[in-house]
Amino acid sequence: MVVRAAALLGLLACLVGWYELAPHVGAFSLWPSIWFIALVLMPLNFLLVWLALPLWNSRLLLPLGVGLAVLAVVFSMVDIPVASNFCKLFALTFLGWWFLNFFEAVSWVVLVALLIPWVDAYSVWRGPTKQITEGHAHVFGALSVGFVVPGGGAARLGLPDVLFFAVFLGASVRFGLRPAWTFVGMLVGLGLTMILATWWDVSGLPALPGISLGFLLANADLLRDRLRADRIGVQGTANRT
């Protein structure tokens, strides 16, 4: 645990240093920036979440999440964007793990993974996310986590995307699934989403479908067996009554 905490703090320090340095480095062109985000920045940022994973069932998740969310607002107001960015990342991670406490069975997680991509897709293409990103960019900046590339440009990921990344990663531990493959699968989903959005030249694609698909594919056989076992158990209970 001590080694993991030291690794988290060391990685966090390196990322903070990069975010401060990046605006002063020569800018990349479009595709090198996209590959840099997909293969380096996103994995390193979410590696912070992986390193914090032992806290997924801590009793302090709610106060930690709320406290960091307040700090994120304060840092934003006093114009310290890098500190605000990482406070948002950890706040949504802890709140996602706290939210996971309300999931009584793995079937609930599967249901959420199947439903939220459609909600997210509607929001991005026709709903509130579309309106915010097109007409209120500063609002989307406040409601997202940034990944800063050389030259100071940034790709942004909505706060619900960070929250559900944490929910599915925590669920993979809680329900005895495959945490490592879940982590990799969701990162692949996020990376492909960014690459496709750039390739198709659209302002943005919903990220939750890639996150959800990464979780479901990484654990497909285990989820099938658990759902089948739960169904048999329910039927057995009904027959006894």
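The values are calculated or read from the model by the stated rules, or taken from the named source; none is laboratory data. Quick caveat, the model's predicted, so the values are computed rather than measured. Neighbour counts run over all protein chains shown; Cβ positions are idealised from the backbone, glycine included. Please note that ligands, DNA and RNA were not included when accessible areas were found on the heavy atoms of the full protein model with its side chains. Shrake-Rupley method; radii C 1.70, N 1.55, O 1.52, S 1.80 Å.
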Worksheet item: Do the sum for the chain: with -39,500 (n - 2.57) for every DSSP H run of n ≥ 4, divided by all residues, what is the mean residue ellipticity at 222 nm, to the nearest 500 deg cm²/dmol?
Response: -24000 deg cm²/dmol
Worksheet item: For the chain, which whole-number percentage of the solvent-accessible area (1.4 Å probe, protein heavy atoms only) is attributable to carbon and sulfur atoms?
Response: 71
Fill in: Rounded, prolate or oblate (a/c below 1.5 giving rounded, otherwise prolate when a/b exceeds b/c) for the stretch 24-96 by Cα gyration tensor
oblate
Discussion item. Just to confirm the number: angle between the C-alpha axis of helix 42-51 and the first principal axis of the chain, 0 to 90 degrees, nearest 10?
Written reply: 50
Worksheet item: Using a Förster distance of 45 Å, how high is the FRET efficiency between TRP118 and ASP79, based on the Cβ-Cβ distance and rounded to 0.05?
Response: 0.75
Fill in: Set of the stretch 40-54 residues, backbone N closer than 18 Å to the point 7 Å along the Cα-Cβ line of TRP199
40
Fill in: Residue-normalised accessible area of the chain, given per residue in Å² at a 1.4 Å probe
53
Discussion item. Let me test this: with uniform point scatterers at the alpha carbons of the chain, what is the Debye-based log₁₀ I(q)/I(0) at q = 0.07, 0.18 1/Å?
Written reply: -0.24, -1.54
Worksheet item: For the stretch 4-57, what class follows from the C-alpha gyration tensor (a ≥ b ≥ c being the square roots of its eigenvalues): rounded when a/c is under 1.5, otherwise prolate if a/b is larger than b/c, else oblate?
Response: oblate
